[in-house]
Amino acid sequence: MDKKEARKILGVPKQASRREIERKYAILLKKHRQEKFQREQYEQDSAEEDIANTAQAGDGNVTGHDPAGLEYDFELITEAYNTLMGYHVRVKEEPPGKLAMFLKKFGFDEKKTDHFFHYYKYHILAAVLIIIFMVTAIGSCTNKVEYDFNIAFIGDMYLYESVDALKKSIKENIPAIAEPGIDSAYIADGGAGQQHYAMEMKAMTLLYAGDIDVFIVNRTIYERYAKVGAFMSLDEIAPELGIDVSGHQDLILAVEDIDDLMSSEAEGIPEERKLPGNAVDTDSPDKPETDTVDTDESGQSDEKHLYGIYITDSKALKEAGVIADEMIAAIFAGCQQQEKAEEFLKFLLK
């Protein structure tokens, strides 16, 4: 601001002395304070009155002003006073930057834009985060991988850092499997607490969903699921897999109670993937023949079968980084991809 503009704002002549300038500034300061007080008093009174009366209660001397305008006007007066009194050092204004020029092209003022971002930065940040979340969620749905073979690890096994390596190994060694899916539920023997309960529920979900082709479990889980008919008998395919049954004698057992797990009313299980004990298409060429099992009045079977094989020493699992004291592989009773399942068991037994 130059002195000519400063004298115009203060309303003093060119020959005005310092005393006259100070007197004029004091008058304007007093007027500013009075107007500000009137505005605050008016707003306080208006807040207490009815909305209908507010429109009629305004004072014509103050209704045309707003606090921001008053402050802005007095800032100019103060700047003019400092300029004429020599208190204000003139600073050469820098030319507008690229951002200011860019905003100006779209009709935005740089200062107003800066104030907007200052007062609404948290709102903008929240909106950006919501947009990122939505884009990520939509992207994950559209880019969802379709698995053509599913494996589930249930029990006290650690494989979180070995999933990618195991998937890669499976695809390299089993051409029939293009995209394996691997899920897990960590359940320790004797575990308790909310997390343990959640994992138990996840394990049951994996079982009832009917999407898993091969389960890899510990001894406790194996006995629990095998006794209710969740796994396919390996009696007939064991020789083809090169399995020495003598090394798995303790895994031979009988189905005790089929009704608890394989009710035809079980929700979420496709008709064609029901567990043994339900009506299934046994004439399908993809289905292995199953033996007829006689049960006594208590529902217990008199015949025992091999439903799983030990793979604790599997080279493929060790190289992938799977850690477990004991692992047993079993084919899901409703598996629709028996050939792939058999190839996978051969892969684990190498």
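Using a simple spin-label model with pseudo-atoms 7 Å out from Cα toward Cβ, HIS196 and ILE132 lie 3.9 nm apart. Near the amide H of PHE149, within less than 5 Å, lie the amide hydrogens of GLU179, GLY181, all on another chain or at least 5 residues away, with H placed in the peptide plane.
Exceeding 28 Å between C-alpha atoms, which entries from my cross-link table qualify? They are LYS167/LYS202; LYS227/LYS346; LYS171/LYS304; LYS304/LYS346. The pairs that break the limit, which is 28 Å between Cα atoms, are LYS171/LYS304. Counting 0.36 nm for each residue step from ASP250 to ASP45 and taking away their Cα separation leaves a gain of 64.8 nm.
Just so you know, all these numbers are worked out from the coordinates, no wet-lab data involved. These figures come from a predicted structure and were not determined experimentally. Positions of Cβ are generated from backbone atoms using ideal geometry, with glycine treated the same way; all protein chains shown enter the neighbour counts.
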